[in-house]
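Down below is the structure, laid out as structure tokens.
Values quoted throughout were computed directly from the atomic coordinates according to the rules given, and no laboratory measurement underlies them. Since the structure is predicted, the reported quantities are computational estimates derived from the model, not experimental observations. A quick note on method: Cβ atoms are made from the backbone with ideal geometry, for glycine too, and the neighbour counts reach across all protein chains shown.
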Amino acid sequence: MGFLCLSMAITIGMAKAEQASRWMPIGGLSRPPIGHLGFCQDHPSECVKPASLRSLSEPPQPLSTSIIVAIAALNTRVNGAIVARSDQELYGVEEHWAFPASGYGDCEDYVLEKRRELMALGVDAANLLITVVKKLDGTGHAVLTLRSDQGDFILDNLDWRIRPWRETSYRYIKRQSSTDPAQWRLVETYGDPLVSSVGR
């Protein structure tokens, strides 16, 4: 292979790798977080596997200018509307996932509220995936992944920006399956931390 052909092959390979890196590499099954198991018991309709083939094969969310503006506004509004409190402070337990009805909550409660409101705007649940990460200090945290036709984007109570997943400082552990909201899958090859951070 000549130098020009090799150079072109490398360039094409790098472009394909960059394109692929827009989406999280999803691996095998993982245990659901303890808090999510409890949430599913309290809100079974939120964790039901879609019955229709269409829902199971829902394509990534198309990102138009209007939907980007709406999602960004919602992320900022929810972040400002909820006051960060730990589950220990609110419920007297280490881990409890719930909608922040009282106006208080920790990281996963922000995520649940954003997911609920975006579904009400018409975004399919298959494209709104609760995701477990580790912060730089090693503590667990939860964010919402928006699965889109332009890549995976992160809605975070610690950031008003909607950022591509690769542009955050997090170590990604696992996230909900896009075909079954009660099922979780590993991101790359990481393990199973406990999500107990207030995330503020």
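Some notes on this structure:
- Region 59-186 - Kirkwood radius from inverse mean 1/r over Cα pairs (Å): 14.8
- Estimated FRET transfer efficiency (T179, L136; beta-carbon r; R0 35 Å; 0.05): 0.65
- Length released on extending from A81 to R31, taking residue separation times 0.36 nm less the Cα-Cα span: 14.9 nm
- Region 101-183 - charge dipole about Cα centre, Lys and Arg +1 at Cβ, Asp and Glu -1, debye rounded to 20: 260
- Computed lengthening from K49 to T65, 0.36 nm per intervening residue step minus Cα-Cα distance: 2.7 nm
- Residue separation of Q150 and R166 scaled by 0.36 nm, minus their Cα-Cα distance, works out to 4.5 nm of gained length.
- For region 150-165, backbone phi angles converted through the Karplus equation (6.51, -1.76, 1.60; θ = phi - 60°) give residue-by-residue couplings of 10, x, 8, 10, 10, 9, 9, 6, 9, 8, 6, 7, 8, 10, x, 4 Hz, Gly and Pro being listed as x.
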